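S.K.: First the structure, then my questions, so here it is.
The values are calculated or read from the model by the stated rules, or taken from the named source; none is laboratory data. Only a predicted model underlies this, so the values are computations on that prediction, with no experimental measurement involved. Methodologically, a virtual Cβ is constructed for each residue, glycine included, from the backbone with ideal geometry; neighbour enumeration extends over all protein chains shown. For the accessible areas, the whole protein counts, side chains as well, though only heavy atoms, and no ligand, DNA or RNA atoms are used. Shrake-Rupley method; radii C 1.70, N 1.55, O 1.52, S 1.80 Å.
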Amino acid sequence: MSEGITSTGGAAAAAPPTPNRSGLDLINLTKAFPGGTLAVDDVNLHVDHGEYVVLLGPSGCGKTTTLRMIGGHEFPTSGQILLDGQSLVELPPYKRPTTTVFQHFALFPHRSVVENVEFGLKMTGVSKEERRKKALETLQMVGLETLAERKPRQLSGGQQQRVALARVLVTNPKALLLDEPLGDLDRLLQLKMRVELRNLQRQLGLMFIHVTHNQEESLSMADRIVVMNDARIQQVDDPLTIATRPRNEHVARFMGDNNIIRGTVSEAQGSRLVITDANGVKVSVQAGNDDQRAVGAAANIAVRAAAVTVGGGAAGDINSIDTEIVFVEYLGDLVKLHLVAGGERFLAKVPGDQYPTLRGKEGDTVRICWKEEDVQLLAD
Ligand SMILES: Nc1ncnc2c1ncn2[C@@H]1O[C@H](COP(=O)(O)OP(=O)(O)O)[C@@H](O)[C@H]1O
Ligand SMILES: [Mg+2]
């Protein structure tokens, strides 16, 4: 599953495609719309069979266009799309071994559940009997076989969603493409469907490519997250790495709850750098082997709010700042401390049980600190 993390954005050279390599390959995939919008810019990505990949990024960054090119609903300006080494680009959607679950999948209200599922096979020329048999088998897979004769309105929202999934699964696709599949659901159903969808994917062992702008959704569901911004891939990694080791400032900001400090290298001893910002805040970090920087070079870092400790440290210490509490935000399991120092904002997330001692402390000064190992040097 870890094979072929081929992209960290347009600058990275694409791995040359292996003939007949298993899985999906997007190679230098680009889409420019008439009028000049570059919606997808030189995307390189490999996805294995059985993998749950989430394309994550802000609205307009090119997620849907990427998915539509894979599904055959949009034609690339340049680049290739290979599934198991075979090009998909020339094939119309219904001839591709991919199936798309659209953002607003409408079930036919006057047809029964099983008839709705059968509809997925209509384009394929399968006989009526065979359609019914396959539809019932698929309903069994999603646990709805006993509800086959009901109408959609007699089902819960979650059950309707599963019917919609059964309708696409019945065609036996090699990859399922889902565009904001949980976007329209209320919060509680969303949380429930995350687990259901993920379990179903594991059970089926099928490649799922899921598009969302929701960070938490991507972290909770993906084997790997592809973070996009402005038509390009910014980072491809597993959820833990995306959350704790954002590659650049885009990813650190988009994932949220990161403190970003922008400065220059003031000391460099081997791979250990000390970075100083305009206010004299000093941060130390271990630079990666491929990211050595000299004294005087620009260097920005990120520290997760959850890695920040309140109290401790000494005045003027590296990895420590005296800050003023601006707002104490209680969120049940945790407290977000909104802080300011030298005109810059900082954020600390501490366990909810610290709320009684922090409540009402707006205006107080607190020293915050963090460990060097929690500092992430940003690429750009
Ligand atoms: N059919 C189209 N014609 C022109 N521009 C489009 C079209 N579809 C999408 N775009 C533009 O391409 C960019 C990427 O859109 P999209 O892939 O839908 O983003 P996302 O799904 O990440 O929100 C946006 O700037 C959008 O306005
Ligand atoms: Mg979209």
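S.K.: Cα centroids of the stretch 320-378 and the stretch 201-276: how far apart, whole angstrom?
M.R.: Comparing the Cα centres of the stretch 320-378 and the stretch 201-276, I get a distance of 22 Å.
S.K.: Note down the nm distance, to one decimal, between modelled labels 7 Å out along Cα→Cβ at S266 and at E362.
M.R.: Between S266 and E362, the label points sit 3.2 nm apart.
S.K.: If you restrict to DSSP beta bridges whose two residues both lie in the chain, what percentage is antiparallel, to the nearest 5?
M.R.: Taking every DSSP beta bridge with both residues in the chain, the antiparallel ones total about 75 percent.
S.K.: Another one. Placing +1 at every Lys and Arg Cβ and -1 at every Asp and Glu Cβ, with all other atoms neutral, what dipole size does the stretch 146-286 have around its Cα centre, in debye to the nearest 20?
M.R.: So the dipole magnitude of the stretch 146-286 works out to roughly 420 debye.
S.K.: Shifting gears a bit: Beta carbons within 10 angstrom, averaged per residue: use that to sort the peptides 162-170, 32-40, highest first.
M.R.: Sorting 162-170, 32-40 by mean packing, highest first, produces 162-170, 32-40.
S.K.: Report the full-extension gain for the segment T244 to S59: residue separation times 0.36 nm, less the Cα-Cα distance, to one decimal in nm.
M.R.: This chain segment gains 64.3 nm when fully extended.
S.K.: Could you give me the ³J(HN,Hα) list for the stretch 28-36, computed from phi with Karplus coefficients 6.51, -1.76, 1.60 and θ = phi - 60°, whole Hz, x at Gly and Pro?
M.R.: Those phi angles translate into 6, 6, 9, 9, 10, 7, x, x, x Hz.
S.K.: Now for a separate question. How large is the dipole of the chain about the Cα centre if only Lys and Arg carry +1 and Asp and Glu carry -1, each at its Cβ, rounded to the nearest 20 debye?
M.R.: 1300
S.K.: Stretch H49-D184 to full length: gain in nm at 0.36 nm per residue minus the Cα-Cα span?
M.R.: Extending this stretch completely gives an extra 45.8 nm.
S.K.: From the helices alone, meaning DSSP H stretches of at least four residues, give me the mean residue ellipticity at 222 nm for the chain, per-run term -39500 (n - 2.57), in deg cm²/dmol to the nearest 500.
M.R.: That calculation yields -6500 deg cm²/dmol at 222 nm.
S.K.: Got a number for carbon plus sulfur as a percent of the chain's accessible area, 1.4 Å probe?
M.R.: Roughly 50 percent, rounded to a whole number.
S.K.: Over the chain, give the accessible area per residue in Å² for a 1.4 Å probe, as an integer.
M.R.: So the chain comes to 46 Å² accessible per residue, rounded to a whole number.
S.K.: Between Y355 and S156, what length in nm is gained on full extension when 0.36 nm per residue of separation is reduced by their alpha carbon distance?
M.R.: Length gained between Y355 and S156: 67.8 nm.
S.K.: Okay, moving on. Ranking request for peptides 362-370, 93-101, 175-183, 286-294: highest mean number of other beta-carbon atoms within 10 Å first, then the rest in descending order.
M.R.: 175-183, 93-101, 362-370, 286-294
S.K.: Compute the FRET efficiency between E90 and S127 as 1/(1 + (r/R0)^6), taking r as their Cβ-Cβ distance and R0 = 35 Å, and round to the nearest 0.05.
M.R.: 0.80
S.K.: Calculate the spin-label point distance for N20 paired with T309, positioning each point 7 Å from the Cα along the beta-carbon direction, and give it in nanometres.
M.R.: Using points 7 Å along Cα→Cβ, the separation is 5.7 nm.
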